[in-house]
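The values are calculated or read from the model by the stated rules, or taken from the named source; none is laboratory data. This structure is a prediction, so every number in the text was calculated from the model and none was measured. A quick note on method: Cβ atoms are made from the backbone with ideal geometry, for glycine too, and the neighbour counts reach across all protein chains shown.
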Number of protein chains: 2
Amino acid sequence: MTPKISQFLAEKKPQTPCLVMDVDEVERRYRDMQAAIPPARIYYAVKANPARPLLDRLVFLGASFDAASWDEIDFCLSAGARPENISFGNTVKKVSAIKAAYEAGIRLFVFDCIEELEKIARFAPGSRVYCRLLVNNQGAEWPLSRKFGTTPESARKLLLRARDLGLDPYGVSFHVGSQQISTDAYEVAISRAGALFADLAADGVRLRMLNLGGGFPIHYREDIPGIRQFGQTISRALTAYFGNTLPEILVEPGRFIAGSAGVVSSEVILVSHRGYDEGPRWVYLDIGRFGGLAETEGESIRYELRTARDGAETGPVAIAGPTCDGADILYEKSGYVLPVTLEAGDRIEILGTGAYVSTYCSTRFNGFLPLTEYYI
Amino acid sequence: MTPKISQFLAEKKPQTPCLVMDVDEVERRYRDMQAAIPPARIYYAVKANPARPLLDRLVFLGASFDAASWDEIDFCLSAGARPENISFGNTVKKVSAIKAAYEAGIRLFVFDCIEELEKIARFAPGSRVYCRLLVNNQGAEWPLSRKFGTTPESARKLLLRARDLGLDPYGVSFHVGSQQISTDAYEVAISRAGALFADLAADGVRLRMLNLGGGFPIHYREDIPGIRQFGQTISRALTAYFGNTLPEILVEPGRFIAGSAGVVSSEVILVSHRGYDEGPRWVYLDIGRFGGLAETEGESIRYELRTARDGAETGPVAIAGPTCDGADILYEKSGYVLPVTLEAGDRIEILGTGAYVSTYCSTRFNGFLPLTEYYI
C-alpha cells in the first residue's frame, strides 16, 4: 500500500467496499517495466483497468494500448491516445467492431484463425496483422487455456494467406498466461516465435514484430521473481533466437501496471464460529467474488490482507463474500490466518487489487452496488 | 421459449446480447408452484432477478419476498410489497442494513450463528428470527457449500438464546442447494427440521415456521423431476415428520419462478477450427461468463441452445465468450453439438436464462456493456 493510499484511507474513511488507486504508482510501474525491458514498447492491456485517470496518465507517458473491444478503443481515443498507438488485441472481434476500429484509424489487429483473418481482410483492408501462437501456460496462476492461439504450422500458413489477402503480415504474439511466475515460459515462447520468423523468411515473408503479451506477475501473498529477472530472461532469449536483427518488440502488461497501484477497502460484516467445535472461524466481508474479486475463483489469486489489528495473535479463517451464493467464497483452503480479535465492523484492506477487480464487478448481484472507485 | 418471446425476437430483432423475459410466464410458474406445494407461502428470491416488471407482477399476485440485502428490500418496497411480506434472508447482514430494514418495518430475519443473532437482537429487537440448518447439498448442480447454516445441536442452543435475547424464535430454514434435482434432499432436510422442532418443544419453545428454502430445478439441457414430484415428496415428508400440527411453510424459489421465463439472444462472433486437424470447432458468442452466464462456471448449468439452423447436420463444439479471458469458456467438456453450417453473424438463443444471469453480469469487463433487458 502506497503512503498516498494509506493517508487517503485514514483521512477520508470512505464507505466500503471501495477501490483506491494511486495513479503515481501506475507511472512508477510503467517506468520500471520500461527500464527492465528496454527494447519493448508497452501496450497497456486496457481490460485490467480502463479508468480514465489511469488512461490519461499513460497517454501522458507516451504509452500504447492493447484494446479488447471497440469500446476499449473508444476509451483510449477519448483519453487522447493516437490510433497508431492502439492494437486491437482480441482474437475474437465482431464485424461491427472491426469496421468501427478501422474507421477510427486502427491498423493493427490480432488473429488466430482463417475465419478471423478473412473478416479483417474484408473490413480492415491493408492493415498490419499478427498471429497469436498457442503456448504452454504452465506456471501461470490464471492460465489462458486453449481458447486462444494456434500452432506454429498453422500460423505459418495463415501469415502467408494474410499476404495473399492484401494484409501486411506483421508479426507474431503469444501469451504465457496471466500472473506467470516462471521466467522460463517467455524463453520457450520466444524460441518458438524465432523459428516461425525463420520459416516465414524462407517463404519470402519478413515479419517485423514480436508481441510478448502480458502475464507479468505482481506480488500478492507469495514472493515472485522481479521484473528485472523477466527482463534478463527476455533479453537473453531475444539475442539467442533473433541475434542482431531484433524485430519491434511489444509487451502487453495489465496486471503489472495497474495491480499494485490499487487497494480495496472492505468491512468485516460477520465473524462466526458456525457452531462447530473445530475448524476455522468464518470471516464475511462486504466484497466477494461477485463484487470484483473474481480472480479468487479456485483460490487462484491469493491477495495480501491488512487489518488494524495486525501484530496480534492470529488464527485460521475461511473468508467469504456478502452474497447468498455458496460460490462466493474467497479462501477456504489457502491457509489464511487473521487476528483472533477481529470482529464485525473492522476494516480489511485487500492489497494488489488495482487490476482485474473493478471491471469484473457485477452490476448488482444480491442488490449490492458496484464498488466505488477513487483515483488519487 | 414462449411464443411471446419468439415473436418479440422475430419482429424486433434486438441488438445482442440481450435478455428477453416473458412476465406472463413468471406468473404461470408462480401459480404452478402454488398448486404443487399448496401449504407453502412463496417468498420469491429476489436475487434471481430483481427487475421491476417482475416484482410488480409478483406483488400483484400476492407473493412474498426473500431479500438478500437492504437494497433488495428497498426494491420490493418500491414495487409495493408490504414489509410483513418480506424476509431478510441473508445470514450475513451489515448492521446498517439490519437497522434500515427494521426501520422499514421488516420483522423476519434469518441467522446461523450467535454473532449474527446478537446483532439482530440489538438492532431489530423483538423480531421473529429463524435459524438456518446446514444440510447436505448432494444432487445440487449449484451447491451452496459450508458457507451457510449450522448443526441441529447448535441451532437448538441458538433458538433458546434468541428467546433469552427478547427475540421471537420463530422457526428453521434450510437450503438443499440450487438446481437441486433430487427430491429426496427435501425429505432428509425436513426430517432433521422435525427433530429440531420436537427438541425445542421439549425445551419449552414452540417453533411455528419451517422455511424449505429454494433450489427447485428448471429444465435446462437435461430432464429433471417436475415441481409436482417435489410437492408430493414435500407433502409426504411434512406429514411424516410433523403429523397434523403443520407449522407455517415457506419456500424461496428464485430460479424456478424466473429462470424459464427468460431467453438470452446472442450473436456468433466467430466459428473457428483453430488450426487443429482434430477436436471441436470453437464457437465464440457475444456473451460469456462475465456477461451474465456465470453459472457455466465448471459447466455446472448447461443451457439449452437454439439456432436458426437447427435440424441441419451437427458437429461437436466448444463454446466461449467474447472476452480476452481464458476463463471465459462456457462449455468445453459437456458434449455440446451445433449445426456444421453455423457461422459468424448467426444468432443463438440461450434458453432458461431468466434467473441468475442479468445480475451476475459484470459492469464493463473488456469494455462490453451489460446486456440489455426487455420485459414483455
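Are there strands (runs of 3 or more DSSP E) fully within region A:248-326 with at least 3 residues that are within 22 Å of A:PRO14 (Cα to Cα)? List them.
Filter on region A:248-326 gives A:262-272, A:281-285, A:305-307.
When you look at B:ALA312, is it closer than 29 Å to B:ASP22 by Cβ and of a type in the set (A, V, I, L, M), yes or no?
Answer is yes for this residue.
Provide a single number: the residues in region B:84-99 that are under 11 Å from B:VAL110 (Cβ atoms) and of a type outside the set (Lys, Arg).
Number satisfying all stated conditions: 6.
Name the residues in region A:355-376 that are crowded, with 24+ Cβ neighbours inside 10 Å, facing another protein chain (nearest Cβ under 7 Å) and farther than 13 Å from A:GLY321 by Cβ, would you?
The answer is A:THR359, and nothing else.
Touching a His at 6+ places or on another chain (Cβ under 9 Å), surrounded by fewer than 16 Cβ atoms within 10 Å (Cβ to Cβ) and more than 14 Å from chain B (Cβ to nearest Cβ): does that describe A:GLU313?
no
Do the conditions hold for B:ARG163, that is, is it outside any loop (DSSP other than H, G, I, E, B) and within 10 Å of chain A (Cβ to nearest Cβ)?
So B:ARG163 does not fit the description; no.
Determine, yes or no, whether A:ALA312 is over 27 Å from B:ILE98 (Cβ atoms) and touching a strand residue (DSSP E or B) at 6+ places or on another chain (Cβ under 7 Å).
In short, yes.
Of all residues in region B:63-83, which are free of Cβ contacts under 8 Å to residues at least 24 places away in the same chain, within 21 Å of B:GLY213 (Cβ to Cβ) and out of contact with any strand residue (DSSP E or B) (no Cβ under 7 Å at 6 or more places or on another chain)?
B:ALA68
Looking at (1) closer than 14 Å to A:VAL251 by Cβ; (2) among the hydroxyl-bearing types (Ser, Thr, Tyr); (3) modelled with pLDDT under 90, can you tell me which one A:SER145 breaks?
Of the numbered conditions (1) closer than 14 Å to A:VAL251 by Cβ; (2) among the hydroxyl-bearing types (Ser, Thr, Tyr); (3) modelled with pLDDT under 90, the odd one out for A:SER145 is (1).
How many residues are more than 8 Å from chain B (Cβ to nearest Cβ), buried (at least 18 other Cβ atoms within 10 Å of the Cβ) and touching a helix residue (DSSP H, G or I) at 6+ places or on another chain (Cβ under 8 Å) if we restrict to region A:135-151?
Summing the residues that are more than 8 Å from chain B (Cβ to nearest Cβ), buried (at least 18 other Cβ atoms within 10 Å of the Cβ) and touching a helix residue (DSSP H, G or I) at 6+ places or on another chain (Cβ under 8 Å) in region A:135-151 gives 2.
Among the residues of region B:42-74, count how many are over 11 Å from B:ILE86 (Cα atoms), in contact with an Asp or Glu (Cβ under 8 Å, 6 or more places away or on another chain) and either modelled with pLDDT under 95 or among the charged types (D, E, K, R) (or both).
Here the count works out to 2.
Among the residues of region A:341-354, which ones are part of a loop (DSSP other than H, G, I, E, B) and away from chain B (no Cβ under 14 Å)?
A:GLY352, A:THR353, A:GLY354
Give the number of residues within region B:110-126 that are within 11 Å of chain A (Cβ to nearest Cβ), free of Cβ contacts under 8 Å to residues at least 60 places away in the same chain, aliphatic (A, V, I, L, M) and surrounded by 22 or more Cβ atoms within 10 Å (Cβ to Cβ).
Of the residues in region B:110-126, 0 are within 11 Å of chain A (Cβ to nearest Cβ), free of Cβ contacts under 8 Å to residues at least 60 places away in the same chain, aliphatic (A, V, I, L, M) and surrounded by 22 or more Cβ atoms within 10 Å (Cβ to Cβ).
I need the full set of residues from region B:166-195 which are part of a helix (DSSP H, G or I) and either surrounded by fewer than 21 Cβ atoms within 10 Å (Cβ to Cβ) or basic (Lys, Arg) (or both), in order please.
B:ASP184, B:GLU187, B:VAL188, B:SER191, B:ARG192, B:GLY194, B:ALA195 - these are the residues of region B:166-195 that are part of a helix (DSSP H, G or I) and either surrounded by fewer than 21 Cβ atoms within 10 Å (Cβ to Cβ) or basic (Lys, Arg) (or both).
Does B:ARG221 satisfy the condition of being farther than 26 Å from A:TYR331 by Cβ, among the basic types (Lys, Arg) and in a loop (DSSP other than H, G, I, E, B)?
Yes: the conditions hold for B:ARG221.
Please state which of the following conditions B:SER154 fails to meet, knowing it meets all the rest: (1) under 30 Å from B:ARG302 (Cβ atoms); (2) touching a strand residue (DSSP E or B) at 6+ places or on another chain (Cβ under 9 Å).
Unmet condition: (1).
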